[in-house]
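Report on the structure given below.
The values are calculated or read from the model by the stated rules, or taken from the named source; none is laboratory data. Being a predicted model, the structure only gives us computed values, none of them experimental. Note: ideal-geometry Cβ built from the backbone for every residue, glycine included; neighbour counts use all protein chains shown. Please note that ligands, DNA and RNA were not included when accessible areas were found on the heavy atoms of the full protein model with its side chains. Shrake-Rupley method; radii C 1.70, N 1.55, O 1.52, S 1.80 Å.
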Amino acid sequence: DRKPRVLSGIQPTSDSFHLGNYLGALRQWVALQDTADAFYMVVDLHAITVDHDPKVLHERSRVSAAQLLALGVDPDRSDLFIQSQVPEHAMLAWILGSETGFGEASRMTQFKDKSAKQERTTVGLFTYPILQAADILLYQTDQVPVGEDQRQHLELTRDLAIRFNTTYGQTFKVPDPFIVKETATIKDLTEPEKKMSKSSSGPRGVLYLLDEPNQMRKKIKSAVTDSEAEVRYDPEKKPGVSNLLNIYAALGHTTIEKLEAEYAGKGYGDFKGDLAEVVTDYLGPIAARTKEYLADKAELDRTLVKGAEKARQVASRTLAKAYKKIGF
Ligand code: ADP
Ligand code: NA
């Protein structure tokens, strides 16, 4: 039988993805390629719903795509593209917007959180979940890998698909959530009670995939721990050390139990020194490959144009169906 179709997107909102993005999402993108027919996109249409800098957005999208290739998204097996190069996303979003109740859209809690942080709130930020529904439904997606924070948006997508199919006749596959296997949230290195995020404390607490090895070493050496000297996993009482253990286990292909045994009786200095080597050994090659992809501008553009063309073949069929059903 045919492999389930999977779709996922990531915003090009900073110059580099961080380790939280990688361990919480992008690592799964790579793994899913074995079992799924995957569509992966850099969602620049979503990025403009909050303040953005037009001088850097295009380059950020390309750097994002280069990082995805570097960390293992394989354009021969998956479709990698930039959302704005596939106009069907905005076109289907308009149709779905006309099928969404205002009250229904107003119930989206992420809008409330995000708009509270903005000086100026846009209608685009409000209708963001409708664009997300279009992203998913255009590809007749079977499964959408989501974290807990996206559950409500996927529910809206399902409601819209079911309603459209009921009103106008079968048009969209109703997608299921695919809850990715539990990955601990990666915490900020300087404020380990907060999640690592591009918008958190400041660059010192965030490990970026494109950091220089020496920057990574410095950040790990200055990571907040505690006044004990015991490498023990206890997220409540020892959030800093526990976060470092999570990172070490994930990138060092080992377990927290083994690490606790290995560092019994040793101080944090040894532990952090070894972790710095594990992190730079793992991420260094990703950064180097990203630079290679960016160095060959023409080849990267060809890959992305091909990806967008392949995406449009699927997306335009779905849009044509929806247009016809709507009466256009
Ligand atoms: P940020 O928090 O830096 O703004 P995004 O919200 O753009 O990151 O997240 C993109 C993806 O990365 C999402 O799937 C999200 O769940 C995942 N992610 C982001 N930060 C972390 C983290 N600290 N730990 C685990 N996963 C994360
Ligand atoms: Na965020």
> For the range 23-42, how many residues are open to solvent by 10 Å² or more (accessible area, probe 1.4 Å) and within 16 Å of ligand 2 (Cβ to nearest atom)?
Replying inline: 2
> Taking the range 119-153, which residues are open to solvent by less than 10 Å² (accessible area, probe 1.4 Å) and assigned to a loop (DSSP other than H, G, I, E, B)?
Replying inline: L138, Y139, T141
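Looking at V146, V174, which one is touching a helix residue (DSSP H, G or I) at 6+ places or on another chain (Cβ under 6 Å) and within 16 Å of ligand 1 (Cβ to nearest atom)?
Answer to the selection: V146.
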> If you take the residues of the range 193-203 that are within 11 Å of ligand 1 (Cβ to nearest atom) and either at pLDDT 90 or above or within 15 Å of the chain's Cα centre (by Cα) (or both), which of them is farthest from D15 (Cα to Cα)?
Replying inline: K194
> Pick from L7, L45: which is away from ligand 2 (no atom under 16 Å from the Cβ), of a type in the set (A, V, I, L, M) and open to solvent by 40 Å² or more (accessible area, probe 1.4 Å)?
Replying inline: L45
> So which residues in the range 73-93 are within 25 Å of A322 (Cα to Cα) and among the hydrophobic types (A, V, I, L, M, F, W, C), if there are any at all?
Replying inline: L80, F81, I82, V86, A90, M91, L92, A93
>> I'm checking my understanding of the structure. Among residues of the range 161-185 that are modelled with pLDDT of 95 or more and of a type in the set (A, V, I, L, M, F, W, C), which one is most open to solvent (accessible area, probe 1.4 Å)?
In response: I162
>> Please verify whether E236 is more than 24 Å from the chain's Cα centre (by Cα), open to solvent by 70 Å² or more (accessible area, probe 1.4 Å), over 30 Å from D51 (Cα atoms) and without any contact (Cβ under 8 Å) to a residue 60 or more places away in the chain, treating the condition exactly as stated.
In response: yes
>> Suppose the filter is touching a residue at least 40 places away in the same chain (Cβ under 8 Å), open to solvent by less than 50 Å² (accessible area, probe 1.4 Å) and closer than 29 Å to F17 by Cβ; does T254 pass it?
In response: no
> Could you list, in sequence order, the residues of the range 56-111 that are surrounded by 13 or more Cβ atoms within 10 Å (Cβ to Cβ), within 18 Å of the chain's Cα centre (by Cα) and not in a helix (DSSP H, G or I)?
Replying inline: L71, G72, V73, P75, S78, D79, L80, F81, I82
>> If I filter the range 219-227 for residues that are assigned to a loop (DSSP other than H, G, I, E, B), open to solvent by less than 70 Å² (accessible area, probe 1.4 Å) and under 26 Å from R289 (Cα atoms), do I get at least one hit?
In response: no
